Amino acid sequence: QVQLVESGGGLVQAGGSLRLSCAASGRIFRINAMGWYRQAPGKQRELVATMTSVGTTNYADSVKGRFTISRDNAKNTVYLQMNSLKPEDTAVYSCNAAGQRSDFYGVHSFESWGQGTQVTVSS
């Protein structure tokens, strides 16, 4: 299986910055896309930003110009730089990765989620 471990959440004042990291480990053959999603209390999970292995990015309109996603393919790690944070950015942020993993029997598709990290922005 492929495991994702996130770090970097915390409490920050409005206007501040945080950087989230997510490292994938396991018998990874290839990761096609990695990204970040968030879920605020009482709301559905929503996409924040995703990035493919060739660098194509997709952002939620609410974070464009403030958040930047990046990847280190050699380390199977994705980052989310969050600037100009707002109270409405408060949520649990979860990392997602999709691609192929290998085992004795061959190569298989996978999709994994991290455990989530809390981001709280105070006004």
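The values are calculated or read from the model by the stated rules, or taken from the named source; none is laboratory data. This structure is a prediction, so every number in the text was calculated from the model and none was measured. All Cβ positions, even for glycine, are placed from backbone atoms using ideal geometry, and neighbour counts span all protein chains on display. SASA here: full protein model, heavy atoms, side chains in, ligands and nucleic acids out. Shrake-Rupley method; radii C 1.70, N 1.55, O 1.52, S 1.80 Å.
Brief remarks on what is shown
- Residue ID - nearest to Ser25 (Cα to Cα), chosen from residues in the range 97-123 that are open to solvent by less than 80 Å² (accessible area, probe 1.4 Å) and not in a strand (DSSP E or B): Gly114
- Those residues of the range 18-46 which are open to solvent by less than 60 Å² (accessible area, probe 1.4 Å) and closer than 16 Å to Val119 by Cβ, in sequence order: Leu18, Leu20, Ser21, Cys22, Gly35, Trp36, Tyr37, Arg38, Ala40
- Matching residues in the range 1-17 - criterion: being outside any loop (DSSP other than H, G, I, E, B), closer than 19 Å to Asp72 by Cα and open to solvent by 30 Å² or more (accessible area, probe 1.4 Å): Gln3, Val5, Ser7
- Among residues of the range 53-69 being polar (S, T, N, Q) and loosely packed, with under 15 Cβ neighbours inside 10 Å, the one that is farthest from Trp113 (Cα to Cα) is Ser62.
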